[in-house]
Each structure stands twice: as structure tokens, then as C-alpha cells.
1. Gain in length, Gln222 to Ser196, computed as 0.36 nm per residue apart minus the alpha-carbon separation, to one decimal in nm?
2. Quick check of the Kirkwood formula: for segment 55-166, what is the inverse mean of 1/r over all pairs of different Cα atoms, in Å?
3. Please list, by residue number, every one of the chymotrypsin sites (Phe, Trp or Tyr not before Pro) in segment 64-106 that is coil in DSSP and has at most 14 other beta-carbon atoms within 10 Å.
4. What is the diffusion coefficient of segment 134-235 in µm²/s, taking the Kirkwood radius over Cα pairs and the Stokes-Einstein relation at 25 °C with a viscosity of 0.890 mPa s?
5. Ratio of segment 124-183's C-alpha Rg to 2.2 N^0.38 Å, to two decimals?
6. Of all GluC sites (Glu not before Pro) in segment 138-235, which ones are in loop regions per DSSP and have a Cβ with at most 13 other Cβ atoms within 10 Å?
7. What three numbers, in Å, describe the spread of the alpha carbons of segment 171-222 along their principal axes, ordered from the longest?
8. Could you go through segment 37-45 in sequence order and give the Karplus-derived ³J(HN,Hα) for each residue, using 6.51 cos²θ - 1.76 cosθ + 1.60 with θ = phi - 60°, rounded to whole Hz, and x for Gly and Pro?
Amino acid sequence: MSLAYILQELDDPDFDDIHGDDETGGFAADKALRLLVSSLYASWRPSAVTFLAAARVAVRCGERLSQVTTVVPDVLVAAGVTPSAEWWKPSHRVYLVSRFGKPPDVAIDLLTRAAERPETPVARQQAYEQMGVTYWVVYDPCRLRSAQPVTVFERNGQRLTPRADTQLPRLGLGLTLWRGTFEQRDDEWLRWNDLSGNLLLTGDELATYWRCRATELQAQVQASSVQAPPAKPDH
């Protein structure tokens, strides 16, 4: 639980002065989003082969200026797309639905402020429905709005409706809460898993796994060489 959240719960008079303009979630959100994006690139191998995952990149749809809808999800995931080679150009810095040819498959929003306006989640849902997003995930790590920290909405027709679980079966993915250490910080993290419940490992976790496997194999080879009987001399 963050210090900001504790101060907010205690109704600290300095809370608004210190944190009133912070809508980012600070260090905690930065690390949580990096875990979600990096583990996809380390371990996810979708059938579409290519995919794009990004944190806090604007998604825009609509051709006419009066009809343009722009949302900045905390994480977006889109299978089967590739960013432009000229991604530093301003025109390629956003996820323009018409340019990529499809909306994102997943949009994740992280709730960090209890004082968020009540209409904001409704507006977000309507925007994602208009864009055609397949899954919308609301992650509430401090349980600011609900005792349920993760809610997955799935597209059914033109609407996004809540699922009873946290699976994203059209992508072969799911989400789970995991207690452990990421980048020297022990906490509860939102993580990807496959539909069998196996975590998608980070690059560091994969490196640790393969180091352990190499050590085990080396020990097995050494044990086999010690136990092998000496070769008989040729006469």
C-alpha cells in the first residue's frame, strides 16, 4: 500500500497539496506497467507472430476532426501489428486505428485516485466500445472503488461486458495477482499468464531459470562421469 493512499485514507490535510496533481501513480504505477509490457516481449508468442505492447500511448480513432476520439490507456496490446519505422515522427507517435488497420486488442487502465470523477469510467468504456477494443481491463490495486482489484470486460457485439473471470481467451492470455519480487521490490503485482495458469516470465526470470537449468545439467554430467566404470584396457 502506497504512502499516498495511507495519507488519503487518514484524510491528511496536506494530501491534495502534495498529490493533487499526480494522476500517474508515481513509482508504483511505473513499475507495474513495465512488468506488464516487458513480460509480454520476453515470453508471449502469439499466433499472429508480431504484436505491439506499450505503456501510456494515445489511441485515436475517427477520420473527421469533429468525430475523433482519443484515449490514453495505461497499457495497450495489439496482435498482428508493427509500429512505423519512422516512429519518432509526430504522426506516428500515437496508435491511430485507421493506420494500424485494427483497434488494440487490450486496453488496461490503472486506477490510482479515489477522487476520480464518477463519469470517467463510463466515458472510457464508451470510447473503447466505439473504437472496437476487444478487452478492457480495470486494475484497482488499492481497492479504491471495489474489493475486486481486477475486472476484465470483453467485447460482445458493440458492448464491453464484464467477465466472471480474468481470462482473455481470444488472445490465449489471462491476468492474475502475484506476490513476489520484481526489480528489487516485493509487492502484489498484476501479471499475465497463459490459459493453463502459467506465468509469462520476465527477462530476468527467464535468465535465472536457464542459469539454474545449466547448473543442473552440468552437475548431472559431472555425476555421470564419476559413476561411470573405468574403460577396460585393450590387449
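Taken together, the values in this text are just the output of simple stated rules run on the coordinates, not laboratory data. Predicted model, so just to flag it, every value in this text is computed and none were measured. Because the Cβ atoms are built from the backbone with ideal geometry, glycine has one as well, and the counts that use them run over all protein chains shown.
1. Full extension from Gln222 to Ser196 adds 5.8 nm.
2. Its Kirkwood hydrodynamic radius stands at 14.8 Å.
3. Answer by residue number: Trp87, Trp88.
4. So the translational diffusion coefficient is about 139 µm²/s.
5. After normalising by residue count via 2.2 N^0.38 Å, the value is 1.23.
6. Qualifying residues, ordered by number: Glu183.
7. The Cα atoms of segment 171-222 stretch 41, 28, 14 Å along the principal axes, largest first.
8. Computed from phi, the couplings for segment 37-45 are 6, 5, 5, 5, 5, 6, 10, 8, 10 Hz.
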